[in-house]
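Following: one structure in structure tokens, then a few remarks.
The values are calculated or read from the model by the stated rules, or taken from the named source; none is laboratory data. Note that the coordinates shown come from a computational prediction; the quantities given were computed from them, not determined experimentally. Virtual Cβ from ideal backbone geometry, glycine too; neighbours counted across all protein chains shown.
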Protein chains: 2
Amino acid sequence: MRLVIARCSVDYAGRLTAHLPMAPRLLLFKADGSISVHADDRAFKPLNWMNPPCSVKESTDDDGTEIWTVTHGKSGEKLVLRIEEIQHDSTHALGADPGLQKDGVEAHLQELLAEHITTLGDGYTLIRREYPTAIGPVDILCRDGEGSTVAVELKRRGDIDGVEQLTRYLELLNRDPSLSPVKGVFAAQEIKPQARVLAADRGIACVTLDYDALRGIEPDTPRLF
Amino acid sequence: MRLVIARCSVDYAGRLTAHLPMAPRLLLFKADGSISVHADDRAFKPLNWMNPPCSVKESTDDDGTEIWTVTHGKSGEKLVLRIEEIQHDSTHALGADPGLQKDGVEAHLQELLAEHITTLGDGYTLIRREYPTAIGPVDILCRDGEGSTVAVELKRRGDIDGVEQLTRYLELLNRDPSLSPVKGVFAAQEIKPQARVLAADRGIACVTLDYDALRGIEPDTPRLF
DNA sequence: CCATAAATGTCGATT
DNA sequence: AATCGACGTTTATGG
């Protein structure tokens with residue numbers, strides 16, 4: 001990893017065109033070949049970057065300004081850095097990273113809800129998780145207290161896209177006479193107002209899930225609402 | 001901006017739980033208070049980070065290991081860094097960045113297409129951009145050569161989602177007798193095959209836009225196809 | 001401040 | 001290569 005602090009201007013030409021006026025910035029060269037240009041704010045996103053694979057060509061302007069031209073191997077995208085003044089330049093050997101271990105994403109929510117399917121209502125029974133269809137797996141398929149089939153779409157954040165997704169599943173599932181009629185439940189930790197409106201318009205029920213509460217329930221203690 | 005290269009382990013507890021085993025990494029402290037942890041790969045994406053506003057508390061473990069606890073002001077998210085060995089530590093004054101100037105994003109495409117609405121066909125006239133509806137603004141509303149209302153959904157990359165979005169608008173607009181019948185046009189720099197199929201199925205026309213050509217047209221010279 | 005939509009989204013799995 | 005869905009999405013914009 002090479003760290004350069006320098007006054008530079010940047011021009012990107014690729015998926016869009018972008019320009020950064022001359023100013024002091026951090027240039028981050030990683031071992032994977034990627035390059036990113038950071039200002040002194042925003043933790044996550046650099047001002048400009050180039051993904052690997054890419055190559056750097058160093059050259060010099062008429063007036064002696066150093067120019068680094070970064071070209072992406074496949075797409076031909078280009079990043080042109082004009083380097084006016086280097087304040088710092090150091091290289092460090094880091095080695096391969098053991099990597100990030102994550103916990104608590106949608107997969108876990110699905111497990112929990114499948115385990116506590118009565119969260120959706122009294123008498124609910126699980127048919128199966130990841131019920132396969134031609135257009136992809138339905139997160140959870142179950143039956144309600146009256147024996148009707150229910151398709152559940154699960155999200156951490158319930159957006160309008162999720163409702164569309166569930167709508168497609170319902171349309172498909174309802175063509176199967178052995179399942180039809182299939183009801184829809186849109187379940188998420190948080191459901192956006194627009195998603196709620198669209199779901200209501202399509203006759204889809206909305207359920208907000210409390211992750212901590214679900215995790216806290218004893219496996220054999222169904223919770224009633 | 002402070003650059004630290006150190007062997008560290010990281011624990012994040014917030015929207016999810018995540019752990020990074022002890023390894024050498026770059027710690028990037030920015031002037032806005034944000035912190036990011038980078039490995040020597042994964043392009044510009046940090047392994048872990050904390051957005052401002054957040055505060056750092058330094059402490060020491062029983063066995064003398066330095067511990068930096070980063071807490072997010074609002075959400076209470078936490079990032080705990082255990083620092084074993086510092087290889088490098090330098091601070092640099094960068095100042096405020098003039099910022100990135102972009103060209104070629106959807107907003108710009110919309111301006112250009114509105115200005116050259118006859119790109120869609122001879123006789124087209126603009127009604128307005130960002131035509132408001134209950135479920136969000138239609139990118140462009142216009143009339144074709146025969147006086148029919150046309151709703152245009154604009155994307156840089158035309159995906160299936162965009163067709164769904166336009167479909168929702170059309171359904172709503174067609175409930176208004178003063179506008180109905182409203183045709184749909186899906187316009188993008190690039191339209192994915194599936195999006196094209198779905199659009200055709202819904203009677204929506206597809207138009208691929210040439211950004212450079214649009215920009216090159218003289219304002220008062222309509223282009224005919 | 002909340003809600004929404006765009007993004008050079010990125011990333012991974014699957015076909 | 002294309003598609004699909006998740007992401008601690010992040011970021012910008014408008015109310």
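Tabulated data
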read-out	value
Complete set of residues in region B:193-209 that are out of contact with any Gly (no Cβ under 9 Å at 6 or more places or on another chain) and either within 14 Å of DNA strand D (Cβ to nearest atom) or among the acidic types (Asp, Glu) (or both)	B:Pro193, B:Gln194, B:Val197, B:Leu198, B:Ala200, B:Asp201
Close pairs from region A:46-60: first assigned by TED's automatic domain parsing to the domain that holds A:Thr71 and within 9 Å of DNA strand C (Cβ to nearest atom), partner polar (S, T, N, Q) and assigned to a strand (DSSP E or B), Cβ under 7 Å, at least 6 apart	A:Pro46/A:Ser36; A:Trp49/A:Ser36
Flag if B:Glu164 is touching a Pro at 6+ places or on another chain (Cβ under 6 Å) and either touching a residue at least 12 places away in the same chain (Cβ under 8 Å) or within 14 Å of DNA strand D (Cβ to nearest atom) (or both)	no
Only listed residue being within 15 Å of DNA strand D (Cβ to nearest atom), within 14 Å of chain B (Cβ to nearest Cβ) and part of a loop (DSSP other than H, G, I, E, B), chosen from A:Gly99, A:Gly95	A:Gly99
Residues of region A:61-82 satisfying the condition of being under 27 Å from the mean Cα position of the chain (by Cα) and touching a residue at least 24 places away in the same chain (Cβ under 8 Å)	A:His72, A:Ser75, A:Gly76, A:Glu77, A:Lys78, A:Leu79
Residues (near DNA strand C (Cβ under 10 Å from one of its atoms), part of a strand (DSSP E or B) and in contact with a Lys or Arg (Cβ under 8 Å, 6 or more places away or on another chain)) located in region A:14-30	A:Thr17, A:Ala18
Scan of region A:125-160 for residues that are within 19 Å of B:Val163 (Cα to Cα) and surrounded by 15 or more Cβ atoms within 10 Å (Cβ to Cβ), ordered by number	A:Asp159, A:Ile160
Only listed residue being more than 14 Å from every other protein chain (Cβ to nearest Cβ) and among the aromatic types (Phe, Trp, Tyr), chosen from A:Trp49, A:Trp68	A:Trp68
Filter result (within 15 Å of B:Trp49 (Cβ to Cβ) and outside any strand (DSSP E or B)) within region B:74-88	B:Ser75, B:Glu77
Total residues in region B:80-111, condition within 16 Å of DNA strand C (Cβ to nearest atom) and buried (at least 17 other Cβ atoms within 10 Å of the Cβ)	5
Criterion: within 13 Å of chain A (Cβ to nearest Cβ) and within 12 Å of DNA strand D (Cβ to nearest atom) - qualifying residue of B:Glu171, B:Glu190	B:Glu190
Filter result for B:Ala151 (small (Gly, Ala, Ser), away from chain A (no Cβ under 14 Å) and in a strand (DSSP E or B))	yes
Test for A:Thr119: is it away from DNA strand D (no atom under 13 Å from the Cβ) and at pLDDT below 95	yes
Selection from region A:204-225 of residues that are part of a loop (DSSP other than H, G, I, E, B) and at pLDDT 95 or above	A:Ile204
Residues of region B:155-190 classified as aliphatic (A, V, I, L, M), within 20 Å of the chain's Cα centre (by Cα) and farther than 12 Å from B:Ala205 by Cα, total	1
Output for region B:122-141, where each listed residue is in a strand (DSSP E or B) and over 14 Å from B:Leu170 (Cβ atoms)	B:Thr125, B:Leu126, B:Ile127, B:Arg128, B:Arg129, B:Glu130
Which listed residue, of B:Ile160, B:Ile140, is within 12 Å of another protein chain (Cβ to nearest Cβ) and more than 10 Å from DNA strand C (Cβ to nearest atom)	B:Ile160
Count - residues of region B:35-65 that are aromatic (Phe, Trp, Tyr) and either more than 11 Å from DNA strand D (Cβ to nearest atom) or in a loop (DSSP other than H, G, I, E, B) (or both)	1
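Results for (1) at positive phi; (2) facing chain B (nearest Cβ under 9 Å); (3) within 25 Å of the chain's Cα centre (by Cα); (4) surrounded by fewer than 19 Cβ atoms within 10 Å (Cβ to Cβ), shown as yes or no for each residue.
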site	(1), (2), (3), (4)
A:Arg2	no, no, no, yes
A:Ile5	no, yes, no, no
A:Arg15	no, yes, yes, yes
A:Ala18	no, yes, yes, no
A:Arg25	no, yes, no, no
A:Lys30	no, yes, yes, no
A:Ser34	no, yes, yes, no
A:His38	no, yes, yes, no
A:Arg42	yes, yes, yes, yes
